[in-house]
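Peer 1: What follows is a structure written as structure tokens; I'll ask about it next.
Where a number appears in this text, it was derived from the coordinates with a stated rule and is not lab data. For clarity, every value in this text was computed on a predicted model and none was experimentally measured. Here the Cβ is made from the backbone with ideal geometry for all residues, glycine too, and neighbour counts use every protein chain on show.
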């Protein structure tokens with residue numbers, strides 16, 4: 001499947017503030033470079049546009065998928081906001097792991113292990129992104145770490161820029177509001 005074919009399935013999912021085509025194309029390219037049988041983790045699924053992109057890649061290349069999103073309080077509720085996500089996932093019929101919680105509610109010992117592609121798109125406050133960044137410890141060397149809303153939310157930019165400055169991540173590109181990096 002080409003990106004263009006995938007985008008026809010991905011684009012209708014979500015809302016006006018969802019992942020845009022330019023960012024999705026850059027993420028697709030970075031993911032394709034990793035090769036088959038990888039582990040993708042997404043923090044913050046919202047309506048499911050980016051999740052659908054990962055699902056299509058996973059079906060094509062045998063990737064394992066883990067999605068993390070609380071959708072509401074208390075964790076474990078699947079309110080109306082989650083219905084579009086579940087609908088999108090059901091259409092593609094591919095296995096995945098779902099952790100229905102905020103990352104701050106997950107014991108770090110329970111974080112997904114051996115991550116090859118981490119997509120950070122949860123709560124964009126400084127405090128929340130600081131918690132999300134802890135999962136980078138479980139990203140394999142050479143793995144991709146991508147941040148959505150880079151440049152539009154101060155918390156995302158502050159944490160990502162610090163990780164780049166400290167050498168914990170190496171910048172690949174910024175496409176729209178998506179920052180794509182690689183773990184050394």
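Peer 1: Given the peptides 96-109, 126-139, arrange them by the average over their residues of other C-beta atoms within 10 Å, most packed first.
Peer 2: 126-139, 96-109
Peer 1: Among 44, 143, 171, which one moves the most in a GNM of the chain with springs linking Cα atoms closer than 10 Å?
Peer 2: 171
Peer 1: State whether region 126-184 is rounded, prolate or oblate according to the following rule on the C-alpha gyration tensor (a ≥ b ≥ c being the square roots of its eigenvalues): a/c under 1.5 gives rounded; otherwise a/b larger than b/c gives prolate, and the remaining case gives oblate.
Peer 2: oblate
Peer 1: What percentage of all Cα-Cα pairs in region 80-184 are separated by more than 19 Å? Spell out each step's value before the answer.
Peer 2: Numbers: 2632 of 5460 pairs.
Value for region 80-184: 48 percent of Cα pairs lie more than 19 Å apart.
Peer 1: How many percent of DSSP beta bridges within the chain run antiparallel, rounded to 5? Write down the numbers at each step before the final one.
Peer 2: Values: 9 of 26 bridges.
Within the chain, antiparallel bridges account for around 35 percent of the total.
Peer 1: Taking 1 over the mean of 1/r across every pair of different Cα atoms in the chain, what Kirkwood radius in Å do you get?
Peer 2: 16.2
Peer 1: Continuing with the same structure: How far apart, in nanometres, would the label points at residue 170 and residue 101 be if each is projected 7 angstrom from Cα along the Cα-to-Cβ direction?
Peer 2: Here the answer is 3.4 nm between the modelled labels.
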